[in-house]
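Encoded as structure tokens, the structure appears first; notes follow it.
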Amino acid sequence: MQDTVLTPLIEQRADPYIYKHTDGYYYFTASVPQYDRIELRRAKTIAELAAAPTVDAWIKPDTGPYSELIWAPELHFNMGAWYVYFAAAPSREIKYKLFQHRMYAIRNTNANPLEGTWEFMGQVDTGIDTFCLDATTFNHNGALYYLWAQKDNAIEGNSNLYIAKMKTPWQIEGAPVLLSKPEYDWEIRGFWVNEGPSVLRRNGKIFISYSASATDENYAMGLLWADENADLLDPVSWTKSRDPVFRTCYDHGIYGPGHNSFTYAEDGDTVMLVYHARTYTEIVGDPLWNPDRHTFVKPLRWDESGMPVFGRPSTL
């Protein structure tokens, strides 16, 4: 199957997250260019998300610990309610070479998360008081897990990947377990970063994709995997690819693909890779404020050993 380059699914939406719920709808959220709110939309097909009306589920306050730079929201249905996990900072100030983000959660008990009331559940405290972001959750063998990126002051770089079980959908239990840190050349270009984890279960394995390096054309994706019967809180259970599995494609003119999520096509089985990327490299000013990271979607392929094949950046 050949990859075909088309237009983005949704323009100017970074850190895209698409979730197919049991009600038959696809739900979409992402970082908006203003970083000032959490926006949701839903549709019956992936393609229809592009024109679906948007709802502002939550708007940042003017001041306080979560009043700036609302990043990377994800919408999850956990324990009978909807949750959005996101990162926010008290200001745009950089301290010790990092922003001051912490992670937070909001909850909605309505069947349709575009309706009803969102309740602020507070900070998701990992027990480590440092820069953190990009939380996701997943269920496995009856347990709810939290997976995120965070700075460790004893480890060089901006962020590493951690995992923990959850006591409630807004509280973790136990100590965070380090799964991955920036170490390979492709993970430390511009910045030393492991971030944006996403979970996929298939072929007897648990896969974690993640993104690394600066958010320009150096941005690329890596992969961790473990046997589905292994102890997911034991770092030894996980294997890490030495090479990126998804990176800039100069032939297709798609740069810095990453911060992905996974969803399923309308057939309920085909895994779809959802990611953001830029379509040019000459960014004027701080890349943080460049709005042109667009949402793309493409099918994931599989090799004979049951491993995912990401191919090259392209769209449906």
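The values are calculated or read from the model by the stated rules, or taken from the named source; none is laboratory data. What you see is a predicted model; the values in this text were computed from it and never measured. Glycine gets a Cβ as well: all are built from the backbone with ideal geometry, and neighbour counts include every protein chain shown. Side chains are part of the model used for accessible areas, which takes the heavy atoms of the whole protein and leaves out ligands, DNA and RNA. Shrake-Rupley method; radii C 1.70, N 1.55, O 1.52, S 1.80 Å.
Descriptive notes on the structure:
- Using a probe of 1.4 angstrom and keeping all protein chains present, the accessible surface of the range 199-269 works out to 40 square angstrom per residue.
- Relative contact order %, the chain, counting alpha carbon pairs below 8 Å whose residues are six or more apart: 16
- Of Asp134, Asp15, Asp269, the one that fluctuates the most in a GNM where the chain has Cα springs shorter than 10 Å: Asp269
- The string of couplings for the range 69-86 from the Karplus curve (6.51, -1.76, 1.60, θ = phi - 60°) is 6, 6, 10, 6, x, 10, 9, 10, 9, 10, 6, x, 9, 8, 10, 10, 9, 8 Hz, one whole number per residue in order, with x for Gly and Pro.
- Restraint check, Lys60/Lys151; Lys181/Lys205; Lys60/Lys298; Lys181/Lys298; Lys205/Lys298, Cα-Cα greater than 30 Å: Lys60/Lys298
- Straight-line cross-link partners of Lys95 among the aspartates and glutamates, defined as a Cα under 16 Å from its Cα and at least 8 positions apart when in the same chain: Glu68, Asp129, Asp152, Glu156.
- Under 13 Å from the Cα of Lys165 - aspartates and glutamates, other chains or at least 8 residues apart: Asp125, Glu173, Asp231, Asp234
- Low-density loop cleavage sites - chymotrypsin sites (Phe, Trp or Tyr not before Pro) in the range 63-126, where at most 14 other Cβ are within 10 Å (DSSP): Tyr96
- Once exposed loop GluC sites (Glu not before Pro) are cut out (DSSP; at most 14 other Cβ, 10 Å), longest piece of the chain: 12-92
- Loop-located chymotrypsin sites (Phe, Trp or Tyr not before Pro) in the range 236-316 (DSSP state other than H, G, I, E, B) with a sparse environment of at most 15 neighbouring Cβ atoms within 10 Å: Tyr250, Tyr280.
- Phi to ³J(HN,Hα) by Karplus 6.51 cos²θ - 1.76 cosθ + 1.60 over the range 24-40, Hz, x for Gly, Pro: x, 9, 9, 10, 10, 8, 5, 6, 8, x, 7, 6, 10, 6, 10, 10, 10
- Fraction of accessible area attributable to carbon and sulfur, the chain (%, probe 1.4 Å): 47
- For the range 195-201, backbone phi angles converted through the Karplus equation (6.51, -1.76, 1.60; θ = phi - 60°) give residue-by-residue couplings of 7, x, x, 9, 10, 9, 10 Hz, Gly and Pro being listed as x.
- Computing mean projected area of the Cα convex hull in nm² for the structure here picks out one of (1) 21.3; (2) 17.9; (3) 15.3, namely (3).
- Average Cα contact separation per residue, the range 1-122, under 8 Å, 6 or more apart, as relative contact order %: 17
- Per DSSP, loop trypsin sites (Lys or Arg not before Pro) in the range 232-316 with at most 16 further Cβ within 10 Å: Arg242
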